[in-house]
Structure formats: C-alpha cells, structure tokens
Amino acid sequence: MTTHAPWNEPFDRFAQLYAEAQRVQPQDPNAVSLATVSADGRPSVRVVLMKDFDPRGFVFYTNHTSRKGRELLAQKAACLNFFWPALAQQVRVEGVVEPVPREEADQYFATRPRVSQLGAWASHQSQPLDSRETLEQRLEEVTRRYDGQPVPRPPHWGGFRLKPERIEFWRAHQYRLHLREEYVQDGDGWQKGWVNP
C-alpha cells in the first residue's frame with residue numbers, strides 16, 4: 001500500500017534521524033558510502049562526508065578529476081548509503097547529481113582547515129603516486145606559494161548535490177525481518193510505501 005507524502009517529509013525524517021545519530025555516534029555521523037558507475041558499467045564505492053542537506057539534496061565535496069568526480073560528471077547518477085550501527089538504522093538515497101554553484105563551493109572551501117585547503121592543491125586525487133615524499137614535496141610547494149595569504153579554491157575541486165529520486169529508511173528487526181520504508185519521487189511530493197525485507 002502506498003500513500004502520497006509532501007515534498008519535505010523524507011527530509012524532515014532524515015533530519016531527525018541524523019540528529020539522533022550525531023548524539024549517539026559523535027565521530028563522523030555524516031560519513032556515507034557513495035556509489036558511482038563508470039562508462040562501461042563498473043560500479044565503485046567509497047566513503048565520503050556529507051557536508052549539507054536540505055530538500056534540494058545531499059551535498060559532498062571532492063576533486064572533480066578524481067575517479068568519483070569524473071564518473072559523477074559523466075554519468076550524473078549515484079547512490080548514497082548512511083549506516084549508523086548504534087541506531088541499527090540506515091538510509092539509502094538514489095538520484096541524480098549536479099555540481100554545486102561555485103559561490104557555494106567557495107564558501108565551504110573557506111571553512112576548511114588550512115592544511116586541507118593546501119592539500120586540495122597538492123593531491124592529484126586518484127592518480128598514481130610514485131612515493132609519499134612526492135606528495136609531501138607538492139604540499140611544501142603550495143604551502144610556500146600561499147604563505148601569508150588566503151588559499152583559493154582550486155578550479156578542479158568542488159561539490160556535488162545528489163538530488164533524490166528514491167529514499168529508503170531501513171531499521172533492523174529481529175529474524176532479519178527488517179523494516180523498510182521508501183519514498184519515490186512523484187511530482188511535487190513522494191509516493192510512500194513499504195518494501196519487503
């Protein structure tokens with residue numbers, strides 16, 4: 001059985017659950033598995049940190065020339081999976097991605113620790129690295145380059161917003177009979193229903 005839910009309902013639910021996760025799992029409650037797919041259909045998954053969310057979607061940041069960055073720019077589709085063991089709950093989000101506006105990326109970049117800002121320049125993310133010393137040398141070079149001045153956001157570094165088309169709330173239940181409730185985008189709202197465990 002499905003019902004119609006208003007646009008903000010799954011986001012309000014996520015906000016309440018995320019606040020609870022922050023309380024019981026203080027270290028990186030915003031960690032989320034991000035799945036992408038290559039042009040030849042090969043999936044890839046890694047953990048990133050969600051930095052913002054609202055009814056427009058879920059935001060994370062990366063180097064656009066990294067594997068995930070290239071795949072997101074090319075395929076426009078991705079899936080996020082939040083898992084909070086302390087709550088025995090997870091949330092799965094499927095949808096399309098779009099780069100966040102430059103101004104929004106600039107604002108977030110300015111809040112990062114300075115070494116992280118410098119690292120965004122020094123690291124050629126996902127590319128082969130001949131030695132750790134090479135990375136450290138590049139970090140020293142950019143540290144000297146921006147000595148005494150603000151570190152600008154690299155043009156190849158920015159954010160993506162995953163705009164949900166499907167959101168599933170999963171809660172563990174005894175005998176593997178888990179509770180699965182999903183929202184599927186439907187115009188200006190969502191079709192809400194249950195999924196078999």
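The sole residue among Phe82, Phe60 that is within 23 Å of Ala172 (Cβ to Cβ), surrounded by 14 or more Cβ atoms within 10 Å (Cβ to Cβ) and either of a type in the set (A, V, I, L, M, F, W, C) or touching a Phe, Trp or Tyr at 6+ places or on another chain (Cβ under 6 Å) (or both) is Phe82.
Can you spot a residue in segment 34-45 that is of a type in the set (Ser, Thr, Tyr) and closer than 14 Å to Val93 by Cα?
For segment 34-45, residues of a type in the set (Ser, Thr, Tyr) and closer than 14 Å to Val93 by Cα: present.
The numbered conditions (1) at negative phi; (2) touching a residue at least 60 places away in the same chain (Cβ under 8 Å); (3) crowded, with 17+ Cβ neighbours inside 10 Å are all true for Pro99 except (3). One residue stands out in segment 1-12 among those that are modelled with pLDDT under 95, surrounded by 13 or more Cβ atoms within 10 Å (Cβ to Cβ) and hydrophobic (A, V, I, L, M, F, W, C): the one that is nearest to the chain's Cα centre (by Cα), namely Trp7.
Among residues of segment 55-82 being farther than 14 Å from His156 by Cα and in contact with a helix residue (DSSP H, G or I) (Cβ under 7 Å, 6 or more places away or on another chain), the one that is modelled with the highest pLDDT is Ala78. Go through Gln90, Gln25 for me and flag whichever is in contact with a helix residue (DSSP H, G or I) (Cβ under 9 Å, 6 or more places away or on another chain) and either over 30 Å from Pro150 (Cβ atoms) or among the polar types (S, T, N, Q) (or both). Within the list Gln90, Gln25, the selection yields Gln25. Filter segment 13-43 down to residues that are in contact with a Leu (Cβ under 9 Å, 6 or more places away or on another chain) and within 23 Å of Ala105 (Cβ to Cβ) and give me whichever is surrounded by the fewest Cβ atoms within 10 Å (Cβ to Cβ). Across segment 13-43, the extreme among qualifying residues is Asp28.
Report those strands (runs of 3 or more DSSP E) wholly inside segment 33-102 carrying at least 3 residues which are in contact with a Ser or Thr (Cβ under 9 Å, 6 or more places away or on another chain) and not charged (D, E, K, R). Let's see the steps before the verdict.
Working: elements: 43-49, 52-54, 57-63, 77-84, 89-99.
Passing ranges, in order: 43-49, 77-84.
Being modelled with pLDDT under 95 and more than 25 Å from Gln117 (Cβ to Cβ) is the filter here, so list the residues in segment 18-37 that pass it. Result: Gln25, single match. Among all positions in segment 121-132, there is at least one residue which is surrounded by 15 or more Cβ atoms within 10 Å (Cβ to Cβ), assigned to a helix (DSSP H, G or I), out of contact with any Asp or Glu (no Cβ under 7 Å at 6 or more places or on another chain) and in contact (Cβ under 8 Å) with a residue 24 or more places away in the chain. For segment 140-197, a tally of residues being part of a strand (DSSP E or B), among the aromatic types (Phe, Trp, Tyr) and surrounded by fewer than 16 Cβ atoms within 10 Å (Cβ to Cβ) returns 1.
Of the residues examined, Arg153 is one that is of a type outside the set (A, V, I, L, M) and either in contact with a strand residue (DSSP E or B) (Cβ under 7 Å, 6 or more places away or on another chain) or closer than 19 Å to Gly69 by Cβ (or both).
The values are calculated or read from the model by the stated rules, or taken from the named source; none is laboratory data. This one's a predicted model, so the numbers in the text were calculated from it and none came from an experiment. A quick note on method: Cβ atoms are made from the backbone with ideal geometry, for glycine too, and the neighbour counts reach across all protein chains shown.
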